[in-house]
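The block underneath contains the structure these notes are about, expressed in structure tokens.
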Amino acid sequence: MIEPPGNRAKEIIHRDCRIISTCITRPYPLVLERARGATVTDVDGKTYIDFGAGTAVMNVGHSNPEVSAAVTAQLAKMTHADFSTFFADPPVRLAEKLQQMSGYDRVFFSNSGTESVEAAIKLAIWKSRRQSLVGFYGAFHGRTLGTLSLTCSKIKQKEHFPALTVVHAPYAYCYRCPLHLEYPDCGIACAHEIESVIFKRELSPKDTAAIVVEPIQGEGGYIVPPPEFHQELRRICDDYDVFLVADELQSGCYRTGRFMAMEHFGVRADIVCMAKALGGGLPLGATVSSRSIMDWPPGTHSNTFGGNLLAAAASLAALNYMEKEDLGTRAQDLGAHMMMRLRELQSRFPAVIGDVRGLGLMIGVEIVKPDGSEDPKTRDLIVVDGFKKALCCYPAATRSFGSAHRWSSRRRKWIRVWIDRFETAVKKAVSCVLRRFAR
Ligand SMILES: Cc1ncc(COP(=O)(O)O)c(C=O)c1O
């Protein structure tokens, strides 16, 4: 464990370790107390820039005043309307807003990302009367047993747990093509594997309820596939009468510049899962689809807290804020600037930064060894060094950064500060690598 930066942090971590379930992973000892905009402050008063945006949750910024006001107003009226038993206005208004922004006209509310994917899986299975799914290597869709069956990221997450029938296909990770081909000459062979290998040898399309895909893989390493990948998945789903489910948990809510990342690829999924930034910081999941698909009868699926009034009020305020402040354009502008600066760094440190990729502010940097292979050790060194320098970012299969939060006139300054910190961290990593090789 890295030394906590202050005494209060030390004391809380000590108590945490004695009582909180041991299954949670924390990359560094950050104990948070307050947050505002793009910054978070720890219990010892040190402020960090939050480039992980609370794991892709705080697109409208921490403690967004409009979200706080909406939650406070709702709090004074009522918190829990038992929406799965009775009716209430805030969740209906939120569903109408989601319909206007996404174009999907049926909504099911839950409390988390994994639940929103779980609902999509159940809906696809119920509607098709088929029980199997196709997922992708590197995917992360959650950790409840249904979604865990689709998740294919780290073996630790899956070992010893039972699973639904899911066959995994290669994702279009062009930087390290799993089929050792090169785009565009590959002809999107990874997507064709579903039709030419999986559907022929392993899983009949007649037993396949859905292909479930992240438009951009998050935990897998912020991997942006070429548009033809998703277009090909759409074609396969149409040809074999299989549902296409898009998990937009990380990529949704304007993080990539569009409300849903699938819009970049000109593809419309049959069922879309949303959560994270959708709740403006409160726990909320939504599964959206069309009336003709989401027509399951009462009792087929439900929950206690879906449509919670505080979460609905927060989400409605967050969505209004995203529209009003045009966070999509902002994410595209800031993302373009960030990518440019990161690519400058890459050209200076090609032995460490193998790839810079992303859409909007959903940006990842792949840290590599001088021979181009993956280098999680150096990545962790950079992440921990960033933490020591008050920069909060997260390791994934590769690293990922970004928030569509409004940085106003100071935004470039933040980026500059971050780049400086990142540069220092990269320099330190480079010198460590050089020392390692000199030995
Ligand atoms: C793409 C994706 N799907 C699903 C999940 C699971 O969401 P939750 O942790 O809210 O259950 C995550 C979480 O990081 C995710 O990134």
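Residue count for segment 103-126 under the criterion of being part of a helix (DSSP H, G or I) and farther than 26 Å from residue 195 by Cβ: the result is 6.
Within segment 317-336, residues that are in contact (Cβ under 8 Å) with a residue 24 or more places away in the chain have Cβ atoms under 6 Å from residues that are part of a helix (DSSP H, G or I) in these pairs: 317/66; 317/67; 317/70; 318/67; 319/97; 321/66, counting only partners at least 6 apart in sequence or on another chain.
Pick from 169, 124, 139: which is more than 16 Å from the ligand (Cβ to nearest atom) and surrounded by 21 or more Cβ atoms within 10 Å (Cβ to Cβ)? Walk me through how you get there before you give the answer.
Working: 124 fails: more than 16 Å from the ligand (Cβ to nearest atom); 139 fails: more than 16 Å from the ligand (Cβ to nearest atom).
Residue meeting the stated conditions: 169.
Which one is nearest to residue 251 (Cα to Cα) among residues in segment 319-373 that are among the aliphatic types (A, V, I, L, M) and assigned to a loop (DSSP other than H, G, I, E, B)?
First, pick out the residues of segment 319-373 that are among the aliphatic types (A, V, I, L, M): 319, 322, 327, 331, 334, 336, 338-340, 342, 345, 351-353, 356, 359, 361-363, 365, 367-368.
Among the residues that remain, those that are also assigned to a loop (DSSP other than H, G, I, E, B) are: 351-352, 361.
Working: 351: 29, 352: 26, 361: 10 Å.
The residue in question is 361.
Screening residue 297 with (1) closer than 30 Å to residue 69 by Cα; (2) out of contact with any strand residue (DSSP E or B) (no Cβ under 6 Å at 6 or more places or on another chain) gives one miss only, at (1). Scanning segment 235-246 finds one or more residues that are touching a Pro at 6+ places or on another chain (Cβ under 8 Å) and part of a strand (DSSP E or B). Within segment 67-121, the residues that satisfy the criterion of being surrounded by fewer than 17 Cβ atoms within 10 Å (Cβ to Cβ) and acidic (Asp, Glu) are 82, 89, 96, 105. Considering 85, 41, the condition of being away from the ligand (no atom under 16 Å from the Cβ) and part of a loop (DSSP other than H, G, I, E, B) is satisfied by 85 alone.
Of all residues in segment 197-220, those satisfying the criterion of being in contact (Cβ under 8 Å) with a residue 40 or more places away in the chain and either touching a Gly at 6+ places or on another chain (Cβ under 6 Å) or of a type in the set (Lys, Arg) (or both) are 206, 212, 217, 220. Restricting 244, 310, 249 to those that are among the aliphatic types (A, V, I, L, M), in contact with a Leu (Cβ under 7 Å, 6 or more places away or on another chain) and within 16 Å of the ligand (Cβ to nearest atom) reduces the list to 244.
Mind listing just one residue for me: the one in segment 271-282 that is more than 8 Å from the ligand (Cβ to nearest atom) and either free of Cβ contacts under 8 Å to residues at least 24 places away in the same chain or not hydrophobic (A, V, I, L, M, F, W, C) (or both) and, of those, surrounded by the most Cβ atoms within 10 Å (Cβ to Cβ)?
Taking segment 271-282 as the starting set, the residues that turn out to be more than 8 Å from the ligand (Cβ to nearest atom) are 271-272, 274, 277-282.
Retained after the next criterion (residues that are either free of Cβ contacts under 8 Å to residues at least 24 places away in the same chain or not hydrophobic (A, V, I, L, M, F, W, C) (or both)): 279-281.
Values: 279: 24, 280: 29, 281: 24.
Applying the filter and picking the extreme gives 280.
Residues are listed down the side, and each one gets a yes or a no for (1) charged (D, E, K, R); (2) without any contact (Cβ under 8 Å) to a residue 40 or more places away in the chain:
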position: 70; (1), (2): no, no
position: 74; (1), (2): no, no
position: 86; (1), (2): no, yes
position: 101; (1), (2): no, no
position: 117; (1), (2): no, no
position: 130; (1), (2): yes, no
position: 140; (1), (2): no, no
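Only residues that are of a type in the set (S, T, N, Q) and closer than 18 Å to residue 360 by Cα were counted in segment 214-247, giving 1.
Residues that are out of contact with any Cys (no Cβ under 7 Å at 6 or more places or on another chain) and of a type in the set (Val, Ile, Thr) within segment 164-222 comprise 165, 166, 167, 188, 194, 197, 198, 208, 212, 213, 216, listed in sequence order.
Note on segment 212-229: among residues that are under 21 Å from the mean Cα position of the chain (by Cα) and more than 15 Å from the ligand (Cβ to nearest atom), the one that is nearest to residue 243 (Cα to Cα) is 229.
Considering only residues of segment 127-136 that are part of a loop (DSSP other than H, G, I, E, B) and of a type in the set (Lys, Arg), which is farthest from the ligand (Cβ to nearest atom)? Even if it seems obvious, please write down each step before you answer.
Applying the first criterion (part of a loop (DSSP other than H, G, I, E, B)) to segment 127-136 yields 129-131.
If we keep only those that are of a type in the set (Lys, Arg) as well, we get 129-130.
Values: 129: 25, 130: 22 Å.
Residue satisfying both the conditions and the ranking: 129.
Please go through segment 205-229 and give me each residue that is surrounded by 24 or more Cβ atoms within 10 Å (Cβ to Cβ) and within 26 Å of residue 326 (Cα to Cα), ordered by number. 214, 215, 216, 217, 218, 222, 223, 224, 225 - these are the residues of segment 205-229 that are surrounded by 24 or more Cβ atoms within 10 Å (Cβ to Cβ) and within 26 Å of residue 326 (Cα to Cα). The single condition among (1) within 16 Å of the ligand (Cβ to nearest atom); (2) part of a loop (DSSP other than H, G, I, E, B); (3) among the hydrophobic types (A, V, I, L, M, F, W, C) that residue 179 does not satisfy is (1). Among the residues of this structure, residue 94 counts as one that is closer than 16 Å to residue 313 by Cβ, touching a residue at least 40 places away in the same chain (Cβ under 8 Å) and in contact with a Gly (Cβ under 9 Å, 6 or more places away or on another chain).
Each value in this text was obtained by applying a stated rule to the coordinates, not by laboratory testing. Just so you know, these numbers come straight off a predicted model, no measurement behind them. Cβ: placed from backbone, ideal geometry, glycine included. Neighbour counts: every protein chain shown.
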